[in-house]
Each structure stands twice: as C-alpha cells, then as structure tokens.
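As structure tokens, the structure follows; a few thoughts come after it.
No value in this document is a laboratory result; all are computed from the given coordinates. Because the structure is predicted, anything quoted here is derived from the model rather than measured. In this analysis, Cβ positions are derived from the backbone assuming ideal geometry, glycine residues included, and neighbour counts consider all displayed protein chains.
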Amino acid sequence: MEQGKKKIYIGIIAALFILIIGLVIGIVAGGKDKKSEDTTAVASSEVTENASTEEKTVEETSTAQTTTEATSESASEKKEENASVKADFSLATNNGWESGSDYFCQYDFVYENKQGKTLSNWQVVISGCEKVELSQNWNCEVEKKDGKLIFTPVEYNQKIENSQKLEFGFIVSASSKEETDKLAKNATLTFDGETAGTNTSEEKNNTEATEEKTEEKTEQATEKSTEENKSETKEDSSKTPFENHGKLTVKGTDIVDKDGNKFQLKGVSTHGIAWFPEYVNKDAFKTIRDEWGGNLIRLAMYTDENGGYCSGGNKKNLKSTVDKGVTAATELGMYVIIDWHILHDLTPLKYQSEAEEFFAEMSLKYKDYDNIIYEICNEPNGGTSWADVKKYAEAIIPIIRKNDPDAIIVVGTPTWSQDVDKAAENPITGYDNIMYTVHFYAATHKDDIRNKLKKAREKGLAIFVTEFSICDASGNGALDKNEAGKWMDMLNEYNISYAGWSLCNKDESSALISSGSSKKSGWSDGDLSEAGKWLIEQFKK
Ligand code: IDC
C-alpha cells in the first residue's frame, strides 16, 4: 500500500511538472504572438501616419488587429485597397514610330473616378523625363520642370465627376525607345495634391524618395484629403491678404497661394505716379483694402510721357514714390505691382538699358519681399512685334531673377497688351512665374479681345489683367457696364487677377475718385466716380 501511494504521489508531481512546463511554454509563445501583433500594428500605423490620416484612422486600424490573423488580413486588405487605387489609372503606349534619329511614342492616360464623389485639380507627374521631348498633347496642359513632365487640367476637365473618366494623351520623342518606354512606370496621379495612385504595381523607377513615400498613402487618406482640399484657403478676416495667402506663384494658367490654392488678385492701379503722387499713401491703400475689399495695388510709372522716368522725370522722386507705395502695401499685407508704364515710347526696346538698370535696382531692393510683382512693359504698341517684346523680356527677366528668383513677372503684349494670342504661340520659356498681360477698356474692347484671351488660355498662357476700365480706350467716354459684365464673368471664371485704372480724381470717366472730391483716402460713396462704385462692387464677387 505504502509503495502504491508513493507511485501515485510521484505521478501527480510529474503531471504537475509537465503542466507547469506546458504553461510556461504557452505563456512564452503567447508573448511572442503578442509581440508580432504589436510590430504589425506599428507598421500599419506608420502607413496611415504617412498618409496623414487623422488619429481616428490609426485607432481603427489598430483595434481591428486583435489577432495575428486579423492583422495580416487587414494588412493584405489595405494592400489590395492600395493596389486597386493604383490600378485605377492606365498610362499606356498605343503607338510608336521612328522618325529621323528619334523615336516617337504616343501615350494615352485613362483614370475612371470610382470614388463616389467629384475629384478636382488632377495632376499627373512623370519623372525621369530628362532626355524626353514633348511633341504634342491633348486634353491637358503640360509643363516640363526638373526633368519631370507635369500634366494639369484644361478648362473642361478640371473636375472629374464620379464614374466619369479623365482621359488625355501626348506624344513624346527621345533618341531611343528605352527612354520613351520608361515613362509609364514613372507616373503619379494626384487630386488636389494628394496621391491617387501610380500606373501599375510594376517595378518603379522613381528617383525621388518623396514620390515613393506618397505612394504608400491609403485610399481613405486620399479621399479625406481630397475632401479637405476642395475648399480654398480660408480667409481669416482678422488677417491681411498676405497673411492669408503668402507668397504667390504661377501654376499652369493660375496664380496660386502659399497653400497651392488658386488665388485671384483684385485691386487698383494708380494713375501715373509722376502726376498723382498724393494717392500713393498708406491710408488710401488701407481704404482700398478694408473698405473696398481689394488686395492689390499697381504703381504705374510712365516712362516716356511728360515727366516720365526716361523723359525728364525726376528719377529720385519717382523711385521714392515707388518705395512709398511698396512700403505702404507691404505694411498692409497687400500685393503690389511695380509697373514700367511704357506707352508713348511704343516699344520697350526704346528704353531697354534704363529698364535694365531700374529692374536691377528694384529687384535688389525688394528681393526679400514676397508681395512684389514686376510688370516690365505696360503696353507695347505702334506695331511693336511680339518678337521684339520677347527679346526685351528675355533681357529683363534674368536681371530680376538674379536677385529675386521667383517673384511673378508680368510681360506686356503687342497692340496695347491685347495680343496674348501671339504670346501664346511663342511664349517665353526657361523661367517660372511668368505671366502675360491683357488690358481692356470695355466700351472699346469686346469679344475680339476676349477671344484672344480664351485662345491664349487654352494654350496654357497665364494671363493677368493689370489694367482695365469700363469706359473707352481713351480712358474717357461712356461706361459700358454690359460689356464690362461679360469681361468680369470671364475673369472670375478663369481666376484671372485684375487691377482697375485708375486711382485719381482726374476729370475722365476711368478715374475712380470723383473729380469733385479732393480726399486722398477714406472716401465715402459720394467721393467715388461711377466707375469707382462699379469697381468696388466687382471686388465683392
Ligand atoms: C491714360 C490716362 C490719361 C493720360 C494718358 C496719357 O487715363 O489721363 O492722359 O493715359 O497718355 C492705356 C494706358 C493708360 C491710359 C489708358 C487710357 O495704359 O496709360 O491712361 N489706357 O487711355 N491703355 C489703354 C487705355
């Protein structure tokens, strides 16, 4: 009996021992499982963080992963989501041929919007295009920059409605088929700056790490950000225009603000600062900003009229008036155009060396200001050709660029800045942030000039109406509000910035201040001309 009991005790102890060992192994193994779960959760969080999704998304992703299986399932789901977004567009060659020593290749891009909502501001960037030349494109605008081809919308495909397709195409050439073949792999599609996918899941050849990173973004993140970016930069009324919008650049046909949102400048042009310098004062600009709703001042400095900068005017005084205007506008957070107001001189070539000196000085002085716009020749006329204007611009632009590498520069066009169509046929290349001028006086310039504008814009020209009025071209005569209305509809539809001529009380119908008022700021309704009252109404639209 004693022996039997002993055996039973030993058996129980052995069983307990095995159980304990088993438990220990179990715990260790469980811990390991937990650890691998954590690792995956961290990786998933990183993905969502990269995609700049709200914390909520990160939480949702993590809580879904309670078991190892759930984790890997969720990860593969996510992978599939990405893959399906990426696979949503196709960029394929449908034709290729040799011509001379070059190889030409046609690409067709198709993206079908299955996001259940309207997508806007698409952009397709193809990197690795250093050795590729663009020869044709349709249904898109194209810009080549830093070895990339950047495709953006034309008027009619800015927005892609749900279940609609975005389709565009282009032809490129290079010295070899290998070069043109690479493109399909290097494309990225974004909406409102957020990545929507790459061409396929094929091996990529992206050189830029940032592009690799954005490809990791989830569908959720893309949708969310698209939603957010739909709204324009919010106007905080307690802030100045510059505080709200910051440094402006030109993107395609548009001015965009610091956040990359389209932005329209609306303001007034002074009359000649040699003749009406009293209107260049901070209180006047403050009235324009706060009472009228303008965000832009243009300082018009005639070059060849009586008292002009190159025709006997006091250079020192004129420059000090420019400086007074720039300082006032800057303190008020407004944007300011320095306008080399050629007119009587007909061609900008007449005073090119003075212009070179002037813009070298201005750009050096204001190189650290981010609210300055240089208008290098108001209105070439008298038969001056676009070739001459371009030649002049190509001399002045590098002088400004040397000091101020990215300020917006506006170039006048032939026939009193009406022939933007000519500029569009042969635009200035090699510089960013270049715009071209259209001027109109609504009682004289109607559909003919609007058609030129339309044509130029369709070719991708960035246009700025730095001067206009609603009377006739003499700056006087009856107002044509009907034609003016058509013009404003067009400018607003196209997001074209404008400045109304002119801030003075001269007895002519384009003057914004009534000739009976001697006030130089703080104008009330009774101090304004009819053109002045009309202009203020436009600022509100
Ligand atoms: C006009 C002024 C007028 C002045 C004249 C000088 O309104 O008071 O005597 O210049 O030549 C432009 C020019 C702008 C003109 C304006 C009206 O850019 O300088 O101002 N205009 O003629 N282009 C079309 C019209």
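Normalised Debye scattering of segment 465-525 at q = 0.12, 0.14 Å⁻¹ gives log10 I(q)/I(0) of -0.33, -0.45, counting only Cα atoms as equal scatterers and leaving out solvent. Prolate is the label for segment 297-377, because the ratio a/c of its alpha-carbon gyration tensor axes (a ≥ b ≥ c) is 1.5 or higher and a/b is greater than b/c. The ranking of HIS341, HIS271 from fewest to most other beta carbons within 10 Å of each one's beta carbon is HIS271, HIS341. In terms of its C-alpha gyration tensor, segment 301-439 comes out oblate, because a/c is 1.5 or above while a/b does not outweigh b/c.
Within segment 440-460, find all residues whose amide N lies under 16 Å from a label point positioned 7 Å from the Cα of ASN482 along Cα-to-beta-carbon. The answer is 442-448. Residues in segment 331-348 carry Karplus couplings, in order, of 4, 8, x, 10, 8, 9, 9, 9, 9, 7, 8, 6, 7, 5, 6, 6, 10, x Hz; the curve used is 6.51 cos²θ - 1.76 cosθ + 1.60 with θ = phi - 60°, and Gly or Pro positions show x. Sequentially through segment 117-123, phi angles give Karplus couplings (6.51, -1.76, 1.60; θ = phi - 60°) of 6, 6, 10, 9, 6, 6, 8 Hz, Gly and Pro residues having no value and appearing as x. For LYS266, the residues 5 or more places off, or on other chains, whose built amide H falls under 5 Å of its own are ASN295, LEU296, TYR498.
Working from label points 7 Å from Cα in the Cα-to-Cβ sense, the LYS446 to ASN162 distance is 4.4 nm.
Size descriptors for segment 368-446 (Cα atoms only): Rg and Dmax, in that order, 12.9, 41 Å. For the pair LYS262 and THR327, the difference between a 0.36 nm per residue extended length and the Cα-Cα distance amounts to 20.8 nm.
Sequentially through segment 311-318, phi angles give Karplus couplings (6.51, -1.76, 1.60; θ = phi - 60°) of 10, x, x, 7, 4, 5, 4, 4 Hz, Gly and Pro residues having no value and appearing as x.
Taking one quarter of the surface of the C-alpha convex hull of segment 391-541 gives a mean projected area of 10.0 nm². Calculated FRET efficiency, ALA360 to GLU458, Cβ-Cβ distance, R0 = 35 Å: about 0.50 to the nearest 0.05. Once the Cα-Cα distance is subtracted from the 0.36 nm per residue extended length, the LYS315 to THR93 segment shows a gain of 74.0 nm.
If you sort the three axes of the alpha carbon gyration tensor as a ≥ b ≥ c, you get a/c of 1.5 or more for segment 96-171 and a/b above b/c, which makes it prolate. Among residues other than GLY430 with Cβ under 11 Å from its Cβ, the summed charge is +1 (Lys and Arg +1, Asp and Glu -1). Going by neighbour counts of Cβ atoms within 10 Å, the residues TYR436, TYR156, TYR431 line up, fewest first, as TYR156, TYR431, TYR436. Computed from label points 7 Å out along Cα-Cβ, the spacing between SER518 and SER385 is 5.2 nm. Counting neighbouring beta carbons within 10 Å and listing from fewest to most, the residues TRP501, TRP386 come out as TRP386, TRP501.
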